[in-house]
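Encoded as structure tokens, the structure appears first; notes follow it.
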Amino acid sequence: MSPLALVTGGAGFIGSHLVRGLLARGYRVRVLDDFSTGRPENLEGLRGPLEVREGDLRDPRVLADALRGVEVVFHQAAFVSVPASMKDPLACHTVNTDGTARLLELARRAGVAKVVLASSAAVYGDADAFPLCEDLPYRPLSPYAASKATNEVYARLYTLAFGL
């Protein structure tokens, strides 16, 4: 049987393209999206084993159920607006940082083999040199960027401590 991938935020612009690519490569795909910014029409017309679930990754029951049987997670779900993060830093933190930490822990408990985290160049702030490389120091200039940097630290921790 082909591997089952979970794509959080799979109805978003990037997530839906990822879903399309995974299906083309023979994956079975499960999407978890709250449709706050993602759109169902981004997934229309896709061929292959695709299951779309509406739900919030901050809900541990919804997330645990979505992770059941999954081999790999592609984590695209996020509070994505820098201006909105400046207006409501706590909402950004709750979705991005708390949501990612919950995803990593529940994926570990569910026996998921790998989590692929989407981050942002915003973690490096106003960088002076291009192209950017991952060994640059973090210089976040918004709550959004700080949440993405924190997510990278959590992902690295779960890789080193738990092999996720």
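The values are calculated or read from the model by the stated rules, or taken from the named source; none is laboratory data. Just so it is clear, the structure is predicted and the values come from calculations on it, not from any experiment. Backbone-built Cβ (ideal geometry, glycine too); neighbour counts: all protein chains shown.
For segment 154-164, the set of residues classified as surrounded by 11 or more Cβ atoms within 10 Å (Cβ to Cβ) and modelled with pLDDT of 95 or more consists of 154, 155, 156, 157, 158, 159, 162, listed by residue number. The number of residues in segment 15-45 being over 23 Å from residue 97 (Cα atoms), crowded, with 16+ Cβ neighbours inside 10 Å and not β-branched (Val, Ile, Thr) comes to 7. Taken together, the residues in segment 116-157 that are within 21 Å of residue 15 (Cβ to Cβ) and aromatic (Phe, Trp, Tyr) amount to 2. The residue that is nearest to residue 30 (Cα to Cα), counting only those in segment 92-128 that are hydrophobic (A, V, I, L, M, F, W, C), surrounded by fewer than 16 Cβ atoms within 10 Å (Cβ to Cβ) and modelled with pLDDT under 95, is 121. Of the residues in segment 118-136, how many are assigned to a loop (DSSP other than H, G, I, E, B), touching a helix residue (DSSP H, G or I) at 6+ places or on another chain (Cβ under 8 Å) and without any contact (Cβ under 8 Å) to a residue 40 or more places away in the chain? Summing the residues that are assigned to a loop (DSSP other than H, G, I, E, B), touching a helix residue (DSSP H, G or I) at 6+ places or on another chain (Cβ under 8 Å) and without any contact (Cβ under 8 Å) to a residue 40 or more places away in the chain in segment 118-136 gives 6. Being surrounded by 14 or more Cβ atoms within 10 Å (Cβ to Cβ) and either without any contact (Cβ under 8 Å) to a residue 24 or more places away in the chain or closer than 30 Å to residue 26 by Cα (or both) is the requirement here; does residue 55 meet it? Against the criterion (surrounded by 14 or more Cβ atoms within 10 Å (Cβ to Cβ) and either without any contact (Cβ under 8 Å) to a residue 24 or more places away in the chain or closer than 30 Å to residue 26 by Cα (or both)), residue 55 qualifies.
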